[in-house]
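Everything below concerns the one structure shown next.
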Protein chains: 2
Amino acid sequence: MISVHLESGRVSIARRSKPRRPRGFALLRLLRAGICNTDLELQRGYYGFKGTPGHEFVAEVIDADAPVWIGKRVVGEINLACGKCDWCARGLGRHCPKRTVLGIVKHPGAFSEYFTLPERNLLEAPPKLATDHAVFTEPVAAACEILEQVKIPKNAPVAVLGDGKLGLLISQVLAVHGAKVHQFGRHKEKLAIAELAGVTGEVAKGALPVCAYDFVVDATGSAEGLRAAVGMTRPRGTLVMKSTVAGTVSIDTAPIIVNEITLVGSRCGRFQPALDLLRRGKIHVEEMIQGRMALGQAPEAFEMAARKGMLKVLLDG
Amino acid sequence: MISVHLESGRVSIARRSKPRRPRGFALLRLLRAGICNTDLELQRGYYGFKGTPGHEFVAEVIDADAPVWIGKRVVGEINLACGKCDWCARGLGRHCPKRTVLGIVKHPGAFSEYFTLPERNLLEAPPKLATDHAVFTEPVAAACEILEQVKIPKNAPVAVLGDGKLGLLISQVLAVHGAKVHQFGRHKEKLAIAELAGVTGEVAKGALPVCAYDFVVDATGSAEGLRAAVGMTRPRGTLVMKSTVAGTVSIDTAPIIVNEITLVGSRCGRFQPALDLLRRGKIHVEEMIQGRMALGQAPEAFEMAARKGMLKVLLDG
């Protein structure tokens, strides 16, 4: 089978033998995968990654302990938790200290003809949900995670900074939740996608509003974005940190302390709410697909995905 | 009258005329003041401060609109709020955007024979509470603020980093609240003060525990301290940022996001709970007093307060 291999910032295609399925794991055949900013960060050295990346996928179950899974079209939670610790008992396997993470931490990823994942991580893609859309389940789940961490009242004004892939999903998820979302970005045509879900887009030129929002989400992926987000948050307000940036960020802690701002780090989320939103057609993902290549063209696909302003690039399995 | 004057990092004694009392304000005569780390930060250039500092005080009311105040021994909330805006209506005048702040922002401070403060800011010091102890109301209120912002269950393990003045008050307030407080510091004899209130002190040597506490308070006043505090916080845990540090801090946002940590900036608090704790003798402040000088010796007192490892230095009015 062919697999994508990432090492020292270089993406290549490797020929490997089909993986063995450990007990409790399903053997999956890739149908569709998405290239995420985290994959690009891994390429830039985040986690000192080496191996097969990929964690946004839709696959067909080829083999599994439970025969009911075989032949099903599935998505899957990317954290492989121990299932025994306190975190797992609380339903927070995403924080299990022993976890590995599909295509990110010590478990070969989905950019491969075949790969494995624990059966308990799988969710069936609803029959009417297009494969191209189901592949967005993981990033939509990451957006939904915000609502699990922060109580945002319906009708509350929320600012989302950044109009990249994650920013567009976050603004839509929050708008569908009922918040009044104002999204600040750099690209009119990207903001237009979120506007389909009821978001108000604004191409940010010059000064951003100061101390203006009780809820701010930083999805810029940049140090400047995070600093701007602090400035936009009202006293006693909440700033959700949603970007993965390699390296350190210099921030002035004084406004955070003086204005008693709460910063909330936010990562992966539960898949079910995301799958529900996608099934109901609430999140405009079709418009976010800007590239499509075969798995064997992954090196070119990574290049395309890294281009400035590019939204989602899919890989066909 | 004499006043302390701070300008370009230099502390001097100035002779000024007694301030006029605007309507709604009390004219106060200083009985006792405390030098706070914020005063030392002001000296280092925080807020570009110039004028009379001082915000920890006990005073006698000399004149006021309401005759009942006259002759009373008082402490006072340091934020002078407009009383009309939404923040003020919510009882959060501490965040009023039009506020001035005693001895910090555009209102002459308490390091002066006479000074003024709105009558609504005043609280009477309970007769049995020593003046030396009542002067700690403001920093104890800042410690109490944590409990107003973060729900810390009784018996919850909490780590407090730093054994300076604020750190010792925070650990004691949290211990009195019922938390199991573990305080990491550098000075056995300082930690011993907090231990009187039931805190477990530990002289930090080498590596600190990693991902070990659901609640962490950084009171180190240093960038390294804040970074260490992030590392000590468990996934989904809360880190309270309590230090005022001039300048920016470089932090790695990755562990905050990956572990979904909540950072809470925390500043001033309500005076009443603090005054109650002090009246009930729950907070060991007597042991924290390490220097005492007359107001006219403020330049020497500032020098003493800035010495490494020094706890509270008081000024006698």
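The values are calculated or read from the model by the stated rules, or taken from the named source; none is laboratory data. From a predicted model like this one, the values you see are computed outputs, not experimental measurements. No Cβ is skipped: glycine too gets one built from the backbone with ideal geometry, and neighbour counts run over all protein chains shown. Ligands, DNA and RNA are stripped out before the accessible areas are found, and what is left, the full protein with its side chains, is counted by its heavy atoms. Shrake-Rupley method; radii C 1.70, N 1.55, O 1.52, S 1.80 Å.
Within region B:94-103, how many residues turn out to be more than 10 Å from chain A (Cβ to nearest Cβ) and surrounded by 22 or more Cβ atoms within 10 Å (Cβ to Cβ)? Going through region B:94-103 one residue at a time, the tally reaches 2.
Residue check: is B:THR100 under 17 Å from B:PRO19 (Cα atoms) and either touching a Leu at 6+ places or on another chain (Cβ under 8 Å) or not aromatic (Phe, Trp, Tyr) (or both)? Against the criterion (under 17 Å from B:PRO19 (Cα atoms) and either touching a Leu at 6+ places or on another chain (Cβ under 8 Å) or not aromatic (Phe, Trp, Tyr) (or both)), B:THR100 qualifies.
Just one of (1) open to solvent by 10 Å² or more (accessible area, probe 1.4 Å); (2) touching a residue at least 24 places away in the same chain (Cβ under 8 Å) fails for A:LEU169. It is (1). Considered as a group, the residues in region B:244-273 that are closer than 25 Å to B:HIS55 by Cα and out of contact with any helix residue (DSSP H, G or I) (no Cβ under 7 Å at 6 or more places or on another chain) include one that is least open to solvent (accessible area, probe 1.4 Å), and that residue is B:GLY247. Suppose we filter B:ARG234, B:ARG307, B:ARG292 for residues that are more than 30 Å from A:PRO97 (Cβ to Cβ) and either without any contact (Cβ under 8 Å) to a residue 12 or more places away in the chain or buried (at least 19 other Cβ atoms within 10 Å of the Cβ) (or both); which single one remains? Unique residue meeting the criteria: B:ARG307. Between B:ARG73, B:ARG90, the distinction of being modelled with pLDDT of 95 or more, over 16 Å from the mean Cα position of the chain (by Cα) and of a type outside the set (Gly, Ala, Ser) belongs to B:ARG73 only.
Residue-by-condition table, conditions (1) over 20 Å from B:THR262 (Cβ atoms); (2) in a helix (DSSP H, G or I):
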| site | (1), (2) |
| --- | --- |
| B:GLU138 | yes, yes |
| B:ALA142 | no, yes |
| B:LEU147 | no, yes |
| B:ILE152 | no, no |
| B:LEU166 | yes, yes |
| B:ILE170 | no, yes |
| B:LEU174 | no, yes |
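What do you reckon, is A:THR52 under 30 Å from B:VAL210 (Cβ atoms) and of a type in the set (Val, Ile, Thr)? Yes, satisfied. Within region A:120-131, being open to solvent by less than 20 Å² (accessible area, probe 1.4 Å) and closer than 17 Å to A:ARG21 by Cα holds for A:ASN121, A:LEU122.
Number of residues in region B:9-67 that are within 20 Å of the chain's Cα centre (by Cα) and either within 18 Å of B:LEU117 (Cβ to Cβ) or among the hydrophobic types (A, V, I, L, M, F, W, C) (or both) equals 21.
The single condition from (1) modelled with pLDDT under 95; (2) open to solvent by 10 Å² or more (accessible area, probe 1.4 Å) that A:ALA219 fails is (1).
Here B:TYR213 meets the list (1) open to solvent by less than 10 Å² (accessible area, probe 1.4 Å); (2) more than 21 Å from A:LEU226 (Cβ to Cβ) almost entirely, failing just condition (1). Against the condition over 30 Å from B:LEU28 (Cβ atoms), out of contact with any helix residue (DSSP H, G or I) (no Cβ under 7 Å at 6 or more places or on another chain) and open to solvent by less than 10 Å² (accessible area, probe 1.4 Å), how does B:LEU117 come out, does it pass? For B:LEU117, the condition - over 30 Å from B:LEU28 (Cβ atoms), out of contact with any helix residue (DSSP H, G or I) (no Cβ under 7 Å at 6 or more places or on another chain) and open to solvent by less than 10 Å² (accessible area, probe 1.4 Å) - is not met.
Of the strands (runs of 3 or more DSSP E) lying entirely inside region B:182-283, those carrying at least 1 residues that are within 14 Å of chain A (Cβ to nearest Cβ) and touching a Ser or Thr at 6+ places or on another chain (Cβ under 9 Å) are B:213-218, B:233-241, B:248-252, B:262-265.
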